[in-house]
Amino acid sequence: MKTIFIILLSASVFYNCKPTKSSEKSVIVKKNFTTNSDTIFNFESEESGKLPVNWSQYFTGRGKLTDWKVVEDAGNKVLAQLSQDKPNYHFNDVVFDDLSVKNIELGVKMKAIDGDMDQGGGFIWRFTDKNNYYVVRANPLEDNVVLYKVKNGNRTDLPVLGKGRTYGVDVKRLGKGWNTLKLVVVDDLFTVSLNGQQIFQVRDNTFSNRGKIGLWTKADAVTYFDDFSVRY
């Protein structure tokens, strides 16, 4: 089995809002995942046309399929969601199987490639199963970023601290290029940043236990993801 290519991150990659130091009970790492808690998945060692080793794909809601694969992008390997299945209430989930964690910092570069109903995507965390997890996503069709909980298969946007339930926040035009999304999770506080700027915070305790992490798109959003950084 191929090992995942791992690069140590410098401290400057992440923001000043740090998660509390995890205890042994708050993180479970399987034996076939080698890490020191600072990791980047850049997918260069993975086989093109296949799901990365130790990752699993699911979908939430209606539809028939999801299609996550490693693909080539201008000589660089990325993880892509390629399905263009069009049911509106259809969420494409891909999660890393070998890490279960409560508090975490996540970062990823993502590029919207196609999608009529939806574009872009974002993070999954505290994933229990395909119907129960948190998600935050950036959407180039709407030029906004929204954080949700998915509980028993039902997605609900969560109120922004200091603003209320505003359906996330509007952002500058995302376009078709690469954008960088970051998330810091400390207990019930979730801090979201886009392209180097903190844009909002949310508090919620629906899912208070550790869970898996991963990536997400909606409906027919074809999206490329690269340099998925993990710090816990």
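The values are calculated or read from the model by the stated rules, or taken from the named source; none is laboratory data. For clarity, every value in this text was computed on a predicted model and none was experimentally measured. For neighbour counting, all protein chains shown are included, and Cβ atoms are generated from backbone atoms with ideal geometry for every residue, glycine included.
If you go through the stretch 169-176 one residue at a time, do you hit one that is of a type outside the set (S, T, N, Q), in contact (Cβ under 8 Å) with a residue 40 or more places away in the chain and on the phi < 0 side of the Ramachandran plot? Scanning the stretch 169-176, I find at least one residue that is of a type outside the set (S, T, N, Q), in contact (Cβ under 8 Å) with a residue 40 or more places away in the chain and on the phi < 0 side of the Ramachandran plot, so the answer is yes.
Condition check: under 22 Å from Trp55 (Cα atoms), of a type in the set (Asp, Glu) and assigned to a strand (DSSP E or B). Does Asp226 satisfy that? Yes; evaluated as a whole, the condition is true for this residue. Only one of the numbered conditions (1) assigned to a strand (DSSP E or B); (2) within 24 Å of Ser26 (Cβ to Cβ) is violated by Phe207, and that is (1). Restricting the search to the stretch 195-211, which residues are under 16 Å from Lys163 (Cβ atoms) and among the hydrophobic types (A, V, I, L, M, F, W, C)? Answer for the stretch 195-211, where residues must be under 16 Å from Lys163 (Cβ atoms) and among the hydrophobic types (A, V, I, L, M, F, W, C): Ile199, Phe200, Val202. The condition of being surrounded by 12 or more Cβ atoms within 10 Å (Cβ to Cβ) and either at pLDDT below 85 or farther than 23 Å from Asn139 by Cα (or both) holds for only one of Val70, Val27, Val95, Val78, that being Val27.
I'd like to verify a number: residues in the stretch 114-124 that are crowded, with 24+ Cβ neighbours inside 10 Å and either among the hydrophobic types (A, V, I, L, M, F, W, C) or in contact with a helix residue (DSSP H, G or I) (Cβ under 8 Å, 6 or more places away or on another chain) (or both), how many? The total comes to 2. For the stretch 199-232, filtering for residues that are surrounded by fewer than 20 Cβ atoms within 10 Å (Cβ to Cβ) and small (Gly, Ala, Ser) leaves 1. In the stretch 171-188, is there at least one residue being at pLDDT below 95 and part of a loop (DSSP other than H, G, I, E, B)? Yes, the stretch 171-188 contains at least one residue that is at pLDDT below 95 and part of a loop (DSSP other than H, G, I, E, B). Scanning the stretch 186-198 for residues that are under 15 Å from Leu158 (Cα atoms) and either surrounded by 14 or more Cβ atoms within 10 Å (Cβ to Cβ) or within 16 Å of the chain's Cα centre (by Cα) (or both) gives Leu189, Phe190, Thr191, Val192.
Collect the residues in the stretch 98-110 that are more than 16 Å from Leu147 (Cα to Cα), among the charged types (D, E, K, R) and crowded, with 22+ Cβ neighbours inside 10 Å, keeping them in residue-number order. Residue satisfying the conditions is Lys102 alone.
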